[in-house]
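Visitor: Let me give you the structure first, and then I'll get to my questions.
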Amino acid sequence: MDTWTRRDVVKTGLAATLAGLALPSDLRPETAADAAGDPPRPGEAPAAATRERLLLDRGWRFHLGHADDAQQDFGYGRGEEFGKTGEFMVAPSKADFDVSGWREVDLPHDWVVELPFENDPSLVSQGFKPVGRAYPATSIGWYRRVFELPASDHGRRLSLAFDGVFRDCLVALNGIYLGRNLSGYAPFTLDISDVANYGGANVLVVRADATEHEGWFYEGAGIYRHVWLAKTAPVHVAEWGTFVASEVRGGAATLTITTQLANEGEAAPGCRVRSTITDPAGRTVGTAATPPLRLSAWSGREVTQTVVVQAPALWSVDKPRLYRLTTVVESGGHETDRCETTFGIRTLHFDPDRGFLLNSERVELKGTCNHQDHAGVGSALPDRLQAYRVERLKAMGSNAYRTSHNPPTAELLDACDRLGMLVLDETRMMGSSEEGLSQLGRLIRRDRNHPCVFAWSIGNEEWFVQGSERGALIAAAMKRLARKLDPTRPTTEAMNGDWGKGLSAVVDVQGFNYFQGDIDEFHRRFPHQPSMGTETASTVSTRGIYANDPARGYVSAYDLNFPPWASTAERWWSYFDARPFLAGGFVWTGFDYRGEPTPYKWPCISSHFGIMDTCGFAKDNFYYYQAWWGGAPVLHLFPHWNWAGKEGQEIEVWCHSNLERVELFLNGTSLGAQDVKRDTHLMWKVPYAPGTLEARGSRGGQVVLSTRRETTTAAARLEIVTDRGEIAADGEDLVVVEVHAVDADGREVPTADDLVTFQVAGGARLIGVGNGDPSSHEPDKAEARHLFSGRCVAIVQAGRQAGDIRVDATAPGLAPAGVTIRARAAAPRPAVD
């Protein structure tokens with residue numbers, strides 16, 4: 001292989017992926033004197049110039065372009081962009097370009113969530129938002145950012161790292177084309193060392209083209225993930241260049257540390273790598289150092305070290321213990337690079353008879369599939385909202401998360417590492433093409449140190465090829481790459497049929513989507529193939545609604561409704577739970593998401609598949625899973641008991657509980673007791689009478705829980721509940737503010753639909769609102785939202801001012817509510833001014 005260099009390639013293609021596999025062998029041991037290295041050459045940074053990673057999220061300008069009209073697209077498309085170096089994206093790249101008509105935005109940013117809804121059947125997948133080839137005026141987005149670089153950066157290696165831009169984006173700096181990235185989900189990095197303006201202003205321009213989609217669900221558009229400016233010395237650790245693999249045996253863990261070094265300079269200095277391992281308590285538990293080494297100019301090399309950790313603290317879903325690797329590169333007697341890698345020590349194994357084993361103990365995968373949009377913000381989720389969603393899933397008893405159907409943002413994996421949530425990490429493009437392998441390679445190299453990631457998914461429901469020899473060949477190529485980059489994790493693919501054919505024989509773990517075949521028969525035919533449910537259920541329901549209503553686009557919240565390919569929650573889970581050879585499964589989905597409204601279309605603009613709605617409010621099935629996935633006693637009674645006009649009519653009353661026996665009472669009169677059968681629910685048919693419906697759950701003959709549903713009076717006032725009472729004043733943290741309507745006795749009114757207006761003071765800002773109504777056409781970027789089934793939510797983001805944040809909620813005719821959240825002093829992350 002040719003000498004590896006980042007100078008000559010944009011690091012988005014297969015060449016960049018393969019760079020992590022087999023770097024050149026011209027790195028030879030040297031004497032200690034040689035390791036002192038040569039002095040820097042003219043124009044190169046001194047050896048002491050260490051790594052900086054600066055957030056580039058603030059201070060952008062944004063404007064819509066036009067897919068069909070070059071004049072409305074700032075001149076792009078007139079055929080001059082590639083004629084001469086320096087004239088790319090002519091107008092916006094000019095230093096004196098007038099941006100007075102461009103909006104000020106901070107990242108992450110999704111422009112599609114800001115667009116109005118359109119009743120166009122072609123937009124059903126995108127949640128009826130006007131984006132795509134038929135909507136050229138709202139499908140191109142331009143971003144512009146001007147930033148300064150000090151003259152002292154000259155000689156360092158500079159790059160821009162984009163965590164995600166949707167989609168097909170072109171990037172230019174100072175009028176010079178840097179590169180293009182197709183996928184809206186794959187991270188990419190562009191070297192700017194040769195084109196940067198040192199000691200002056202730099203004009204960065206990004207054009208995102210969302211006229212084509214990658215999925216059949218809401219995807220949003222824009223720079224919806226973070227952007228970073230990285231600065232390193234010429235001799236440094238390559239991007240995603242550390243990998244820690246662990247083998248646990250006999251009370252000790254042997255860590256194999258792989259480090260990819262890069263020399264992006266003309267000198268050939270001596271260097272060495274020092275690695276330090278710290279445990280979850282911050283104590284140093286192991287070190288390693290290479291002998292003195294010399295790197296040739298414009299070359300790179302992979303070095304391997306071994307560290308043994310005695311009595312390791314293993315990562316698990318219940319105790320997510322994290323270690324840290326600190327990598328230091330020394331050259332010329334100075335530290336030239338330092339980077340930190342979080343990892344965990346644990347063992348993974350799939351057994352064809354026992355399912356999934358984590359640290360040699362069977363762990364049943366109680367998972368959910370999830371897209372990446374949320375109420376109020378679309379696909380542009382701040383980091384804290386990623387953690388909030390994982391916390392909600394953990395509260396339900398879930399222990400696994402499938403990143404459907406694309407690489408996630410790294411911050412989601414960080415949250416799963418910290419909170420103890422296993423992750424099935426999925427690439428977007430199934431393919432052995434350069435693009436397909438590049439996307440997979442970037443995913444694996446970025447994510448392979450996350451202990452939460454337990455397997456790589458190479459595709460989803462690829463019905464054109466999954467059962468064929470062609471599909472097997474594609475899967476084999478992807479598996480080969482996965483094995484080279486990470487030999488510690490298995491591969492799988494989510495298959496909706498063709499089980500036992502095509503790529504089934506290639507992947508390590510068979511993925512079953514729904515009951516699209518005979519699972520038991522597959523296990524009999526292929527007894528040595530581990531398996532799991534990669535996608536299950538697809539039960540549809542609407543929070544707080546208890547009768548199907550096609551006109552309004554609502555589906556009953558009872559566990560009764562599902563499309564032809566799917567099942568109820570109870571059916572799939574009782575089936576899987578009874579079969580130890582199945583490792584568990586992933587429900588479609590944990591949260592509702594925009595697009596794919598099922599079973600109805602317009603006025604529905606979001607799905608009904610979620611166990612929670614788009615805000616994270618629990619539907620009733622949440623408590624079914626909580627009862628059988630969690631360990632705490634559960635007693636959940638529904639529906640609500642406000643049925644004016646239905647006096648004397650039978651109402652189905654359901655109860656989700658994991659207790660032994662439940663007795664139901666109406667206005668103090670027993671309606672009978674029932675024994676609880678594992679993985680099922682209880683049901684009574686009760687003639688409606690206003691008053692109090694009460695369930696009492698017992699274990700060992702003793703009542704341990706009781707719960708009530710009471711007929712309320714009209715809403716009288718608002719109440720506020722927040723997920724936290726204190727947040728960091730770092731400009732990024734946020735608080736989720738829930739608003740409920742209650743009656744004069746403080747009982748939540750489940751049918752309230754009042755319009756709630758929010759006011760925020762104290763240096764914070766309101767970044768979005770929602771209510772979980774799958775047919776609501778209200779804007780997400782607003783100061784008001786109607787209650788839906790008695791609830792709505794506001795997302796409030798901190799500024800950089802410590803002190804009190806005040807959030808007030810008002811509604812006509814109701815007493816207002818307010819809450820104070822403490823914003824504690826916190827240093828913002830290092831960022832570009």
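Visitor: Of the conditions (1) crowded, with 21+ Cβ neighbours inside 10 Å; (2) over 25 Å from the mean Cα position of the chain (by Cα), Val112 clears all except one; give me its number.
Guide: Only one criterion is unmet by Val112, namely (2).
Visitor: Taking the stated definitions as given, is Thr290 at pLDDT 95 or above, open to solvent by less than 20 Å² (accessible area, probe 1.4 Å), touching a strand residue (DSSP E or B) at 6+ places or on another chain (Cβ under 8 Å) and hydroxyl-bearing (Ser, Thr, Tyr)?
Guide: Numbers: at pLDDT 95 or above: yes; open to solvent by less than 20 Å² (accessible area, probe 1.4 Å): yes; touching a strand residue (DSSP E or B) at 6+ places or on another chain (Cβ under 8 Å): yes; hydroxyl-bearing (Ser, Thr, Tyr): yes.
The answer is yes for Thr290.
Visitor: Still on this model: Checking the condition under 32 Å from the mean Cα position of the chain (by Cα), at pLDDT 95 or above, outside any strand (DSSP E or B) and over 25 Å from Lys394 (Cα atoms), which residue from Gly731, Gly645 passes?
Guide: Numbers: Gly645 fails: under 32 Å from the mean Cα position of the chain (by Cα).
Result: Gly731 is the single residue among Gly731, Gly645 that is under 32 Å from the mean Cα position of the chain (by Cα), at pLDDT 95 or above, outside any strand (DSSP E or B) and over 25 Å from Lys394 (Cα atoms).
Visitor: Follow-up. For Arg144, indicate whether it is more than 21 Å from the chain's Cα centre (by Cα) and under 14 Å from Lys231 (Cα atoms). It would help to see each step written out before you state the result.
Guide: On the way: more than 21 Å from the chain's Cα centre (by Cα): yes; under 14 Å from Lys231 (Cα atoms): no.
It is false that Arg144 is more than 21 Å from the chain's Cα centre (by Cα) and under 14 Å from Lys231 (Cα atoms).
Visitor: Also: How many of the residues in the range 116-152 are touching a Pro at 6+ places or on another chain (Cβ under 7 Å), open to solvent by less than 20 Å² (accessible area, probe 1.4 Å) and hydrophobic (A, V, I, L, M, F, W, C)? First the steps, then the outcome.
Guide: If we filter the range 116-152 for residues that are touching a Pro at 6+ places or on another chain (Cβ under 7 Å), which is where we start, we get 118, 123-124, 138, 142, 144.
Still in the list and also open to solvent by less than 20 Å² (accessible area, probe 1.4 Å): 123, 142, 144.
Keeping just the survivors that are hydrophobic (A, V, I, L, M, F, W, C) gives 123, 142.
Residues meeting the conditions: 2.
Visitor: Just one of (1) under 26 Å from Cys339 (Cα atoms); (2) in contact with a Lys or Arg (Cβ under 6 Å, 6 or more places away or on another chain); (3) hydroxyl-bearing (Ser, Thr, Tyr); (4) crowded, with 22+ Cβ neighbours inside 10 Å trips up Tyr224, so point out which.
Guide: (2)
Visitor: Regarding the range 477-496, can at least one residue be identified that is farther than 30 Å from Thr347 by Cβ and not hydrophobic (A, V, I, L, M, F, W, C)?
Guide: Applying the first criterion (farther than 30 Å from Thr347 by Cβ) to the range 477-496 yields 496.
Add one more test, that the residue is not hydrophobic (A, V, I, L, M, F, W, C), and what stays is 496.
Taking every residue of the range 477-496 in turn, at least one turns out to be farther than 30 Å from Thr347 by Cβ and not hydrophobic (A, V, I, L, M, F, W, C).
Visitor: Just give me the residues in the range 714-724 being part of a loop (DSSP other than H, G, I, E, B) and surrounded by fewer than 15 Cβ atoms within 10 Å (Cβ to Cβ), in sequence order.
Guide: The answer is Ala714, Arg724.
Visitor: If you don't mind, there's one more thing I want to ask. Out of all the residues in the range 443-480, which are out of contact with any strand residue (DSSP E or B) (no Cβ under 7 Å at 6 or more places or on another chain) and open to solvent by less than 10 Å² (accessible area, probe 1.4 Å)?
Guide: Result: Gly471, single match.
Visitor: Of all residues in the range 411-422, how many are among the aliphatic types (A, V, I, L, M), over 21 Å from Tyr218 (Cβ atoms) and in a helix (DSSP H, G or I)?
Guide: Total satisfying the criteria: 3.
Visitor: Sticking with this structure for a sec: Please verify whether Thr278 is over 29 Å from Phe609 (Cα atoms) and in contact with a Phe, Trp or Tyr (Cβ under 8 Å, 6 or more places away or on another chain), treating the condition exactly as stated. I'd like the intermediate steps shown before the answer.
Guide: Values: over 29 Å from Phe609 (Cα atoms): yes; in contact with a Phe, Trp or Tyr (Cβ under 8 Å, 6 or more places away or on another chain): yes.
Criteria met by Thr278.
Visitor: Still on this structure, I have one more. Please specify each residue of the range 366-406 satisfying the condition of being charged (D, E, K, R) and within 23 Å of Glu214 (Cα to Cα).
Guide: Restricting attention to the range 366-406, the residues satisfying the condition of being charged (D, E, K, R) are 366, 373, 383-384, 389, 391-392, 394, 402.
Across the range 366-406, the qualifying residues are Asp373, Arg402.
Visitor: Do we have Asp337 as of a type in the set (D, E, K, R) and open to solvent by less than 10 Å² (accessible area, probe 1.4 Å) here? Write out each step before concluding.
Guide: Details: of a type in the set (D, E, K, R): yes; open to solvent by less than 10 Å² (accessible area, probe 1.4 Å): yes.
Judged against the criteria, Asp337 is a match.
Visitor: Of all the strands (runs of 3 or more DSSP E) wholly in the range 246-321, which have at least 2 residues that are in contact with a helix residue (DSSP H, G or I) (Cβ under 7 Å, 6 or more places away or on another chain), closer than 30 Å to Asp191 by Cβ and in contact (Cβ under 8 Å) with a residue 60 or more places away in the chain? Step through it out loud before you land on a result.
Guide: Values: elements: 252-263, 270-278, 284-289, 299-310.
Strands (runs of 3 or more DSSP E) meeting the threshold: 270-278.
Visitor: Same structure again: Got a sec? Which of Gly590, Gly672, Gly645 is open to solvent by less than 40 Å² (accessible area, probe 1.4 Å) and free of Cβ contacts under 8 Å to residues at least 24 places away in the same chain? If you could, list the steps in order and put the result at the bottom.
Guide: Details: Gly590 fails: free of Cβ contacts under 8 Å to residues at least 24 places away in the same chain; Gly645 fails: open to solvent by less than 40 Å² (accessible area, probe 1.4 Å).
Step by step, each of Gly590, Gly672, Gly645 is checked, and only Gly672 is open to solvent by less than 40 Å² (accessible area, probe 1.4 Å) and free of Cβ contacts under 8 Å to residues at least 24 places away in the same chain.
Visitor: Output the residues belonging to the range 356-405 that are of a type in the set (Lys, Arg) and out of contact with any strand residue (DSSP E or B) (no Cβ under 9 Å at 6 or more places or on another chain). First the steps, then the outcome.
Guide: Taking the range 356-405 and keeping what is of a type in the set (Lys, Arg), we get 362, 366, 384, 389, 392, 394, 402.
Across the range 356-405, the qualifying residue is only Lys394.
Visitor: In the range 87-106, is there at least one residue being farther than 22 Å from Gly175 by Cβ, assigned to a loop (DSSP other than H, G, I, E, B) and not aliphatic (A, V, I, L, M)?
Guide: Yes: one or more hits.
Visitor: With the condition kept exactly as written, say whether any residue in the range 384-405 is within 15 Å of Pro451 (Cα to Cα), open to solvent by less than 20 Å² (accessible area, probe 1.4 Å), among the hydrophobic types (A, V, I, L, M, F, W, C) and outside any loop (DSSP other than H, G, I, E, B).
Guide: yes
Visitor: One residue is enough: does the range 615-635 have a residue meeting the conditions free of Cβ contacts under 8 Å to residues at least 24 places away in the same chain, open to solvent by 20 Å² or more (accessible area, probe 1.4 Å) and of a type in the set (A, V, I, L, M, F, W, C)?
Guide: Yes - at least one qualifying residue is present in the range 615-635.
Visitor: Being open to solvent by 20 Å² or more (accessible area, probe 1.4 Å), in contact (Cβ under 8 Å) with a residue 40 or more places away in the chain and not in a loop (DSSP other than H, G, I, E, B) is the requirement here; does Glu570 meet it? Steps first, answer last, please.
Guide: Values: open to solvent by 20 Å² or more (accessible area, probe 1.4 Å): yes; in contact (Cβ under 8 Å) with a residue 40 or more places away in the chain: yes; not in a loop (DSSP other than H, G, I, E, B): yes.
The answer is yes for Glu570.
Visitor: Need pairs with beta-carbon distance below 7 Å; first residue closer than 30 Å to Ile767 by Cα and within the range 87-109, second among the basic types (Lys, Arg) and open to solvent by less than 40 Å² (accessible area, probe 1.4 Å); sequence gap 6+ or separate chains.
Guide: Pro92/Arg144; Val99/Arg144; Trp102/Arg144; Pro108/Arg225
Visitor: Now, a different point. Test Asp425 against the stated conditions and say whether it is over 22 Å from Val796 (Cβ atoms), in a strand (DSSP E or B) and not small (Gly, Ala, Ser).
Guide: Answer is yes for this residue.
Visitor: Looking at the range 505-559 only, could you name the residues that are touching a Leu at 6+ places or on another chain (Cβ under 9 Å), surrounded by fewer than 22 Cβ atoms within 10 Å (Cβ to Cβ) and not in a loop (DSSP other than H, G, I, E, B)?
Guide: Ile519, His523
Visitor: Check whether at least one residue in the range 233-247 is within 30 Å of Ala95 (Cβ to Cβ) and open to solvent by less than 10 Å² (accessible area, probe 1.4 Å), and report yes or no. Explain how you work it out, then say what you get.
Guide: Step one: list which residues in the range 233-247 are within 30 Å of Ala95 (Cβ to Cβ), which gives 233-234, 239.
Pick out the ones that are also open to solvent by less than 10 Å² (accessible area, probe 1.4 Å) and you get 233.
For the range 233-247, residues within 30 Å of Ala95 (Cβ to Cβ) and open to solvent by less than 10 Å² (accessible area, probe 1.4 Å): present.
Visitor: Just one of the numbered conditions (1) open to solvent by 10 Å² or more (accessible area, probe 1.4 Å); (2) among the aliphatic types (A, V, I, L, M); (3) out of contact with any Asp or Glu (no Cβ under 9 Å at 6 or more places or on another chain) is not true of Ala268; which one?
Guide: Condition not satisfied by Ala268: (3).
Visitor: Being under 27 Å from the mean Cα position of the chain (by Cα) and farther than 22 Å from Leu422 by Cβ: is that true of Leu473 here? Don't jump to the end; show me each part of the working.
Guide: Numbers: under 27 Å from the mean Cα position of the chain (by Cα): no; farther than 22 Å from Leu422 by Cβ: yes.
So Leu473 does not fit the description; no.
Visitor: Please find, within the range 677-700, the residue that is farthest from Gln626 (Cα to Cα) out of those that are open to solvent by 60 Å² or more (accessible area, probe 1.4 Å) and assigned to a strand (DSSP E or B).
Guide: Pro687
Visitor: Given the conditions (1) in contact with a His (Cβ under 9 Å, 6 or more places away or on another chain); (2) farther than 30 Å from Glu778 by Cβ; (3) of a type outside the set (Lys, Arg), and given that Leu443 satisfies all but one, which numbered condition is not satisfied?
Guide: Every listed condition holds for Leu443 apart from (1).
Visitor: Residues that are open to solvent by less than 10 Å² (accessible area, probe 1.4 Å) and either of a type in the set (S, T, N, Q) or touching a Leu at 6+ places or on another chain (Cβ under 9 Å) (or both): does the range 701-713 have at least one?
Guide: Restricting attention to the range 701-713, the residues satisfying the condition of being open to solvent by less than 10 Å² (accessible area, probe 1.4 Å) are none.
For the range 701-713, residues open to solvent by less than 10 Å² (accessible area, probe 1.4 Å) and either of a type in the set (S, T, N, Q) or touching a Leu at 6+ places or on another chain (Cβ under 9 Å) (or both): absent.
The values are calculated or read from the model by the stated rules, or taken from the named source; none is laboratory data. Note that this is a predicted model, so its numbers are computed, not measured. Don't worry about glycine lacking a Cβ; one is built from the backbone with ideal geometry, like all the others, and counts go over all protein chains shown. SASA here: full protein model, heavy atoms, side chains in, ligands and nucleic acids out. Shrake-Rupley method; radii C 1.70, N 1.55, O 1.52, S 1.80 Å.
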